[in-house]
């Protein structure tokens, strides 16, 4: 028996290469799994025919168990002007709204997967999705972030039947209208009022590169903290509800880091203005080799290597900032040791190499030149 696994992504031109990596790694992780067929839906904005052809070429090695359908979602998003015109969506990308529209976009499915594209799929997960029971009372299953202790938006198992039955999309869009009027917008809170109907996926489904720099005990502690749900209200202060999350032992944390299902390159600019966690912005970071390896199998690899050549000075500047002022370094290292290292390098390069040779040559000519 063959099981169809529908999965949806959404991205624009800025995330084209990243989207290709997500598609290729998804199918590569499942190439040895029998009895599954992936129906992949890409909702896009601003892509041209060549872009779409290269996406089709990306999945070509896996055509025997996958099909890719691409649809321009611009018109649908344009029909939501009060939402898509908000400053918050314009700052990021209105493509983030697509996941909230899945129940109406796919009436033919009872369940579906949503995923961001800033990911690499490292292992197969088809069995977990197939086992999902849509008769249970829940909207979605998601991973709890160790950073915010809230449900992440990057990967969901969606119970579309339950979502449609309980007007999931309408509820979320109403919360959106309330949120966009406030100075601080937090996307995760759009679904927090549904906390009783959100299931938890294991941490394997969202491993961040920075986890590998943390102490195991620190990760275990963060994983033991209660889940935090912030309920948005229009006419009164927000309400906070807490729920215990899945407990993890040290051995389980070790296994999660060794065998992630999804490596999620989710991050933002740090205090130095560096994209900490985005290999397409700076390809020399922790666990970035996974992303680069998958990119090398796509039609976008050549484009990326050409970009790397053009950005070599930018990469050098970023590397210098990280070397001297990394947030991972202790205050002593940044305030004292970094200055010492810089002074040493400056002396070796400028004083010894640039100044000493001309001065030495001058004195040699002045005092030691033979006179005839």
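The values are calculated or read from the model by the stated rules, or taken from the named source; none is laboratory data. No experiment lies behind these values; they were computed from the predicted model shown. A quick note on method: Cβ atoms are made from the backbone with ideal geometry, for glycine too, and the neighbour counts reach across all protein chains shown.
The table below lists the values:
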item	result
Which listed residue, of 121, 176, is modelled with pLDDT of 95 or more and touching a helix residue (DSSP H, G or I) at 6+ places or on another chain (Cβ under 8 Å)	121
Subset of the range 199-229 [over 23 Å from residue 265 (Cα atoms) and surrounded by 21 or more Cβ atoms within 10 Å (Cβ to Cβ)]	229
Residues located in the range 233-260, provided they are without any contact (Cβ under 8 Å) to a residue 24 or more places away in the chain and out of contact with any strand residue (DSSP E or B) (no Cβ under 8 Å at 6 or more places or on another chain)	235, 236, 237, 251, 252, 255, 258
Sole exception among (1) within 23 Å of the chain's Cα centre (by Cα); (2) free of Cβ contacts under 8 Å to residues at least 12 places away in the same chain for residue 170, by number	(1)
Pairs, first farther than 25 Å from residue 161 by Cα in the range 120-134, second exposed (fewer than 13 other Cβ atoms within 10 Å of the Cβ) and modelled with pLDDT of 95 or more, C-beta under 9 Å, six or more apart	122/259; 123/259
Odd one out for residue 163, checked against (1) over 30 Å from residue 287 (Cα atoms); (2) under 23 Å from the mean Cα position of the chain (by Cα); (3) buried (at least 22 other Cβ atoms within 10 Å of the Cβ)	(2)
Output for the range 215-232, where each listed residue is in contact with a helix residue (DSSP H, G or I) (Cβ under 8 Å, 6 or more places away or on another chain) and over 30 Å from residue 291 (Cα atoms)	229, 230, 231, 232
Count of the range 29-55 residues which are more than 20 Å from residue 127 (Cβ to Cβ) and either in contact with a helix residue (DSSP H, G or I) (Cβ under 7 Å, 6 or more places away or on another chain) or buried (at least 17 other Cβ atoms within 10 Å of the Cβ) (or both)	10
Residue 276, sole failed condition from (1) in contact with a helix residue (DSSP H, G or I) (Cβ under 9 Å, 6 or more places away or on another chain); (2) closer than 19 Å to residue 208 by Cβ; (3) at pLDDT 75 or above	(3)
Candidates 318, 336, 322, filtered to the one that is exposed (fewer than 14 other Cβ atoms within 10 Å of the Cβ) and either at pLDDT 80 or above or in a helix (DSSP H, G or I) (or both)	336
In the range 240-257, the residues that are in contact with a helix residue (DSSP H, G or I) (Cβ under 8 Å, 6 or more places away or on another chain) and either on the phi > 0 side of the Ramachandran plot or part of a helix (DSSP H, G or I) (or both)	250, 253, 254, 256, 257
